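Notes to accompany the following structure.
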Amino acid sequence: MIPTLLWIYWTSLRRDRVAQAMTFLLPIIFFSIFASVFGGRGRDTMSRVPVAVADESHSEMSRRLVRALGREKSLALRTSARPLGAPREAAEVTIDRARAEAMVKDGDLSVALVLPAGIDTSLDRFDGRGQPSTMLSDPSDPIAPQMVAGLLQKVVMTAAPATIAKNGIGAFERYSGPLTPQQRKAMDTWLPMIDQEAAGARDSAASDSGHAGAGGFSGLVRVESVEVLGQKKDNALVSFYAAGIAVMFLLFSASAGGGALLDEVDSGTLDRVLTSSVGMTGLLAGKWLYIALVGVLQICVMFLWGRLAFRLDLFHHLPGFAVMTVVTAATAAAFGLVLATLCRTRQQLSGISTIVILSISAVGGSMFPRFLMSQGMQKMGLFTFNAWALDGYIKVFWRNARVIDLAPQVGVLLAFLTAFLIVARLMARRWERS
């Protein structure tokens with residue numbers, strides 16, 4: 001009987017499109033997403049790290065460092081921006097420390113570098129002293145500051161190798177005695193050649209190691225890291241995890257709640273409801289409102305648990321949290337109705353919702369931060385409503401955004417909400433015709 005049973009099971013799988021997608025399509029989707037995020041290291045597909053540079057030194061050395069950082073393929077360098085509070089059409093000005101810090105706080109980028117006046121003193125010695133450079137960072141992205149710090153140490157060697165060699169010889173003479181006249185003459189002949197050779201090989205070196213770090217050499221420039229966000233918060237990163245997990249499981253619960261429509265179709269309850277004064281529009285509105293209220297409760301429970309167990313700073317952000325929770329739950333509820341009206345059976349809904357929800361959760365940032373993704377995947381994530389919801393929660397808990405600052409995220413979520421409700425209503429017409 002075993003061959004017969006195998007043939008029956010294979011026939012069942014061949015007829016079940018959802019089971020085929022769960023078996024073959026879902027693993028391929030997840031493999032592709034994770035391979036795109038974590039398998040592209042060292043290739044041009046990796047996202048370029050945006051970094052602002054404020055040059056307070058205005059010396060020849062600092063200008064060389066800025067130009068060298070700009071040639072790094074793994075960095076998207078910015079040296080100018082609109083003044084604080086200026087309208088969008090205002091002309092850009094050179095970035096200073098205050099503007100760089102504001103850009104990090106506003107989420108425009110994850111790291112900014114300040115080259116202080118007297119940075120040359122840090123290159124005159126090799127003992128870790130001297131005037132330090134300042135790295136202004138957003139700790140929600142732990143990778144960008146490390147990459148920029150490593151590349152800064154690298155470009156010090158490539159931007160002015162003759163200066164570094166001269167300072168190294170000076171340090172050698174301080175501790176070991178002066179060079180002989182013959183050694184001094186050789187050094188004077190050799191130092192100009194270093195800059196010439198470095199200038200000729202700089203472009204090829206940048207293309208060969210565009211994503212390299214410090215190359216095993218660090219410490220020529222002192223770098224002090226300053227976290228401009230989260231420094232006064234307890235376990236602030238918990239807000240990221242709470243938002244990501246809450247939104248993902250909100251989608252599952254919304255899908256399950258929308259599936260009650262299919263149960264009513266099977267039991268014949270839907271036919272009786274349609275003959276009443278409620279109608280399909282009223283039924284969908286009631287379902288949507290109920291699922292949205294349950295979603296609000298679900299998110300509140302998640303964040304309250306974060307407050308009790310992990311000291312999540314919830315109560316200082318209640319206005320923004322309330323706005324994002326209501327809008328997110330309402331949009332997720334509408335999305336659940338779309339999935340339910342697209343399917344014909346509970347089994348079909350279970351399979352399709354699993355594929356769709358896990359896929360958009362991965363692309364939208366619920367499973368891992370979007371800053372790890374390439375630029376293409378980050379843009380793709382903007383087509384998922386959960387990415388906008390997560391951005392809103394991040395603004396609330398991490399950037400202390402006012403309610404008015406949530407307008408872009410709330411506006412996009414309301415657009416998704418309207419589109420989902422319209423699609424669900426159109427798809428539900430098949431039950432009215434039957």
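The values are calculated or read from the model by the stated rules, or taken from the named source; none is laboratory data. Keep in mind that this is a model prediction, so the values were computed, not measured. Don't worry about glycine lacking a Cβ; one is built from the backbone with ideal geometry, like all the others, and counts go over all protein chains shown. With ligands, DNA and RNA removed, areas are computed over all heavy atoms of the protein, side chains included. Shrake-Rupley method; radii C 1.70, N 1.55, O 1.52, S 1.80 Å.
Couple of notes before you dig in:
- In sequence order, calculated HN-Hα J values of the stretch 373-383 (Karplus, 6.51, -1.76, 1.60; Hz; x Gly/Pro): 7, 5, 4, x, 5, 5, 5, 4, x, 5, 8
- Rounded to the nearest 20, the size of the Cβ-charge dipole of the stretch 236-431 about its Cα centre is 220 debye, with Lys and Arg at +1 and Asp and Glu at -1.
- A Förster distance of 22 Å, applied to the separation of the beta-carbon atoms of ARG433 and ASP263, puts the FRET efficiency at 0.65.
- The ASN400 and ASP271 beta-carbon pair, evaluated with R₀ = 45 Å, returns a calculated FRET efficiency of approximately 0.30.
- Estimated from the Cβ-Cβ distance and a Förster radius of 30 angstrom, the FRET efficiency linking TYR290 and ALA19 is about 0.50.
- Residues LYS154, LYS73, ordered by accessible area of protein heavy atoms at a 1.4 angstrom probe radius and largest first, appear as LYS73, LYS154.
- Convex hull projection area averaged over all views, the stretch 236-431, Cα basis, nm²: 11.3
- Modelled spin-label separation between PHE383 and LEU297, with each label point placed 7 Å from Cα along the Cα-to-Cβ direction: 3.6 nm.
- Solvent exposure, largest accessible area first (probe 1.4 Å, DNA, RNA and ligands not counted), of GLU72, GLU101, GLU89, GLU224: GLU89, GLU224, GLU101, GLU72
- Once all protein chains are placed together, MET367 keeps about 70 Å² accessible to a 1.4 angstrom probe.
- The stretch 334-390: radius of gyration over Cα atoms, expressed as a fraction of 2.2 N^0.38 Å: 1.25
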